[in-house]
Amino acid sequence: MGKTTGFLEYKREVPETKPIEERIQNYNELYKSFSKRKVERQSARCMDCGVPFCHNGCPLGNNIPDFNDMVYKQNWEEAYKILASTNNFPEFTGKICPAPCEESCVLSINNDPTTIKNIELYIIEQAFENGYVHANEQIIKTGFKVAIVGSGPAGLAAAAQLNLAGHEVTVFERDDQIGGLLRYGIPDFKLEKSLIDRRLDLMEKAGIKFKTNTNVGVDISANELIDKFDAVLLAGGSTLPRDLQVLGREAKGVHFAMDFLKQQNKRVSNISFSDEEILATGKNILVIGGGDTGADCVGTSIRQGAKSVLQIELMPKLPEKVNPINSWPEWRQILRTSSSHLEGCKREWSVQTKEFIKNEKGDLKAVKLIDVQWNYAQGKAQFTEIAGTERIIDCELVLLAIGFVSPQHEGLLDNLNVKYDDRQNVKAENFQTSLKKIFTAGDMHTGQSLVVKAISEGREAAYQIDIFLTGNSVLESKTNSLINIVKF
């Protein structure tokens, strides 16, 4: 690849974040610009490793060594063609993907991995800047109509692929804007919404129809959907948040993380809302849950002017570098620190929430916590409370970021009478549900997961729908390497 000695000559570099005191004043992009020369030099670190494990690490199966080679050779148009053949939205994954491909990089066995994520982002931005990205023209028109319920990453990826195959695609979204999790679940400092709008403009020009403020199952019945369309893809996501039923849960000031994040995203985009306002300004904030959503709550709370921010996690603290339970090329179970954590947040692990304490008006004023000890026996993990560690902390706002239980069954799914799996997600075989014309993809199918996995799900579901409608498919798929018909 590129320069065979590049990994020996160059050290890993990534874009620097803006100074903390600067970036917490707004919701703009938090990274500084990265020069083209630096990106080309980073691509030279990609090794001629023989078996590129990064392919397997990437849920989309991106051809990473190939586009790195083109970047090193300064052939940006060819790099874009290679990247776009497997990834519909590199501008999204280049911003928010945790980069499991880098964990699987052969170089990471005893060195710092190739900077794949940043290279991917730079490729797509160069492509837009130089006019390589166009609305995909339909080579054929099949006459088949496909409805997609949900406009998150899975639904949008499926829409792009099915439109490319020549089908007439309509995407239904119950919210007021297209984008799902991308639009309202991820803060602007991680993903500016202009990137979504830029992509949606291309998709509309390609012929895809978008219908917002349309709750399928309410505004349009399930039977009407089946009658009007030749195939339906359910891509509504995993939307029921996991609750924490402890004493005092009814206190005013305990909210789900997504309600908090969605409101702030609407404020940034000057979109009005009628729900009760949730603000961290001047308050002691407790974020319960140690994942990415919790980190997003931390960064947003700090930008809103929180008095203090504490993030707690029930599970024990992970090791910082090496975990004996797993190793390369797997995704390592190690402690990860986000940019938000560095902005003024305290973190604690092995902590259980015991009670939400309210004042005489019913407003949250404090939270009772206790430390726990984890024990492992016969393959099972259990915890016990540690006597003498119980404490009460001042707190006026709690944000529950402890994941999602399942998709919403009430309404569309129950009306369709689809079957559910053991985790209460929509059950499917090759993305086809128990109903012939109904398919599913993304978090509604797999449960809560990564955006990059949702895009992969959408692409694979589109491939199966195309086969269902026409008997075969020339769409790109991880199970099919036939003709790539994308027009660049």
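Laboratory data are not the source of any read-out in this text; all were calculated from the coordinates shown. None of the values given here were measured: they were computed from a predicted structure. Methodologically, a virtual Cβ is constructed for each residue, glycine included, from the backbone with ideal geometry; neighbour enumeration extends over all protein chains shown.
Numerical summary
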read-out	value
Local electrostatic count, Asn284, Cβ distance below 10 Å [Lys/Arg +1, Asp/Glu -1]	+1
Isolated Cys in the chain, by beta carbon distance under 4.7 Å	Cys46, Cys49, Cys97, Cys105, Cys297, Cys345, Cys395
For the stretch 170-232, alpha-carbon Rg relative to the globular expectation (2.2 N^0.38 Å, N residues)	1.29
Mean ellipticity per residue at 222 nm, deg cm²/dmol - from DSSP H runs of n ≥ 4 across the chain, formula -39500 (n - 2.57)	-8500 deg cm²/dmol
For the stretch 243-402: rounded, prolate or oblate by the Cα gyration tensor [a/c cutoff 1.5]	oblate
Counted charge near Thr433, where neighbours are those whose Cβ lies closer than 11 Å (Asp, Glu -1; Lys, Arg +1)	+2
The stretch 428-450 and the stretch 160-224: distance between their alpha carbon centers, rounded to Å	18 Å
Surrounding net charge for Tyr463, when Lys and Arg each add one and Asp and Glu each subtract one, Cβ distance under 12 Å	-2
Separation between Cα centres of the stretch 19-61 and the stretch 66-118, rounded to whole Å	8 Å
Arg199, Arg12 arranged by Cβ crowding within 10 Å, fewest neighbours leading	Arg12, Arg199
When the stretch 6-129 is reduced to its Cα atoms, the Kirkwood hydrodynamic radius in Å	14.8 Å
5 angstrom amide H check on Glu355, placed H, neighbours 5+ away	Lys368
Residue exposure sequence - Asp227, Asp197 - by fewest surrounding Cβ within 10 Å	Asp227, Asp197
Peptides ranked, highest mean first, by Cβ atoms within 10 Å: ranges 150-160, 130-140, 165-175, 449-459	150-160, 449-459, 165-175, 130-140
Rg(Cα) / (2.2 N^0.38 Å) computed for the chain, rounded to two decimals	1.01
Likely footprinting exposure, His409, His55, fewest C-beta neighbours within 10 Å first	His409, His55
Cα gyration tensor category, rounded, prolate or oblate, for the stretch 311-351 with a/c compared to 1.5	oblate
Gain in span if fully extended, Ser274 to Lys361, counting 0.36 nm per residue against the direct Cα distance	29.1 nm
Value of relative contact order over the chain, rounded to a whole percent, pairs C-alpha under 8 Å and six or more apart	17 percent
Within the chain, percent of DSSP bridges classed antiparallel, to nearest 5	40 percent
Cut-off under 5 Å, modelled amide H: who pairs with Tyr420 long-range	Lys427
